[in-house]
Amino acid sequence: MASSLDFVPVDIDMADDPKVFALMEELGGDDECARWASYGRLLALMQRIYHEGFYLVYGRFERRKMARDLGMTGEELDSFIESCISCEIFDEGAYRQLSALTSRGIQRRYFKAKKTGKASVSDEDAPYVLIELRAAPSQSAPKNAENRRESPRSSEKRREAPKREKNAPKNAEPSEEKIREEKISKEKIREASARSARRSSSDSDLPSLRSLAATAYPLACMSTVADPHGGYMDDAGEAYDTPWDALVSTHAHKTGGQPIDGFARQVAKLCPKGCDCSLERVEECARMIRRGLDKFDPSKGANPYPLVAKIIRDERGDAR
């Protein structure tokens with residue numbers, strides 16, 4: 001496992017970062033308290049990641065602890081992480097495939113603080129690396145007086161960009177060793193993904209996206225179950241063949257053309273276990289989602305999920 005950092009680097013203008021600002025806008029809107037609450041929770045989550053190293057595996061026990069530490073329910077924490085992903089604060093691929101919270105920025109800051117390179121990454125951690133790491137500097141290199149007079153910046157620059165042989169071609173083909181390393185790396189990623197899928201299958205009581213990724217596409221029932229004798233209307237009065245198509249159109253109108261994928265994954269976590277996906281159940285769910293989208297005001301937030309989730313829980317009598 002990667003070692004933790006004793007100090008978390010935080011930029012003084014982090015709140016002005018476009019991605020962080022988008023998160024605060026989405027979760028807080030005009031409510032300043034809610035905006036800064038989301039900022040504080042993001043900082044606490046980043047601290048937790050750096051405590052583990054350069055990534056954090058989001059498992060059942062980690063989810064329960066973080067939710068308690070942040071004063072949230074498990075589902076609220078899931079929604080918060082989804083918002084972070086939609087704002088590109090965390091890497092979506094690492095989360096969907098490996099259930100890991102990390103990003104290129106997190107990893108760059110981590111390895112810069114650690115002053116370590118490729119040699120410091122274990123086989124266990126390798127599948128989670130998103131950035132290209134330089135080789136660690138040789139420990140046996142002589143430290144003569146000239147090297148000591150060099151500034152750290154110039155010394156580091158030379159290590160990152162070593163001089164090329166004069167006669168070496170600029171676009172040389174990768175060596176057999178390089179090809180073999182890339183092949184091994186891809187195999188490790190597949191193995192880690194398989195381990196993640198096996199963990200999620202054993203945690204069937206955890207409503208996480210890891211289990212969704214291993215099964216059907218979220219809300220797939222709404223595109224496969226429909227009344228052949230009827231039509232489904234979007235908010236503009238256009239008729240569609242399936243509830244899914246009508247919801248996609250309504251969602252696009254209400255959110256200014258945002259993709260529906262992230263929203264669908266969030267809503268799918270509210271699906272009751274053992275749902276028979278009958279026409280009656282599908283149309284009932286589509287009706288509740290449509291009610292939430294109709295009431296959604298984009299001037300007060302960027303994500304209609306919280307409103308849709310509240311309507312679904314209220315109708316089902318779910319107090320969570």
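Bear in mind that the values in this text are calculations on the coordinates, not laboratory data. This is a predicted model, so every value here is computed, not measured. Backbone-built Cβ (ideal geometry, glycine too); neighbour counts: all protein chains shown.
Computing FRET efficiency as 1/(1 + (r/R0)^6) for GLU76 and ASP241, where r is the C-beta to C-beta distance and R0 is 30 Å, gives about 0.30. In this structure, ASP261 and ASP31 have a Cβ-Cβ separation that, at R0 = 22 Å, corresponds to a calculated FRET efficiency of about 0.25. A straight chain from GLU124 to GLU280 at 0.36 nm per residue would run longer than the Cα-Cα distance by 51.5 nm.
Proximity of backbone amide H atoms, modeled 1.01 Å from N, is registered between MET233 and TYR240 at under 5 Å, excluding neighbours fewer than 5 places apart on the same chain.
With charges only on Cβ, +1 for K and R and -1 for D and E, what is the dipole size of the stretch 221-316 about its Cα centre, in debye, rounded to 20?
Values: 13 positive and 15 negative charges, 125 e Å.
So the magnitude is around 600 debye.
Placing a label point 7 Å from the Cα of ASP314 along the Cα-to-Cβ direction, the residues of the stretch 278-293 with a backbone N closer than 15 Å are 288-293.
Can you give the FRET efficiency to the nearest 0.05 for SER4 and ALA220, using r as the Cβ-Cβ distance and R₀ = 41 Å? Display every interim value, and only then the final one.
Working: r = 40 Å, r/R0 = 0.98.
Efficiency at R0 = 41 Å is approximately 0.55.
A compact globular protein would have a Cα radius of gyration near 2.2 N^0.38 Å; the ratio found for the stretch 221-316 is 1.02.
Around the amide H of VAL57, modelled in the peptide plane, lie the amide H atoms of LEU101, all under 5 Å away and 5 or more residues distant in sequence or on another chain. Dipole orientation for the stretch 1-65: of the candidates TYR50, ALA15, PHE61, PHE61 has the Cα lying most toward the positive pole (charges on Cβ; Lys, Arg +1; Asp, Glu -1). For the stretch 80-128, applying the loop criterion from DSSP together with a ceiling of 12 other beta carbons within 10 Å to the GluC sites (Glu not before Pro) yields GLU124. 3J(HN,Hα) along the stretch 69-80: 4, 8, x, 10, 7, x, 5, 5, 5, 4, 5, 4 Hz, from the Karplus curve 6.51 cos²θ - 1.76 cosθ + 1.60 with θ = phi - 60°, whole Hz, x for Gly and Pro.
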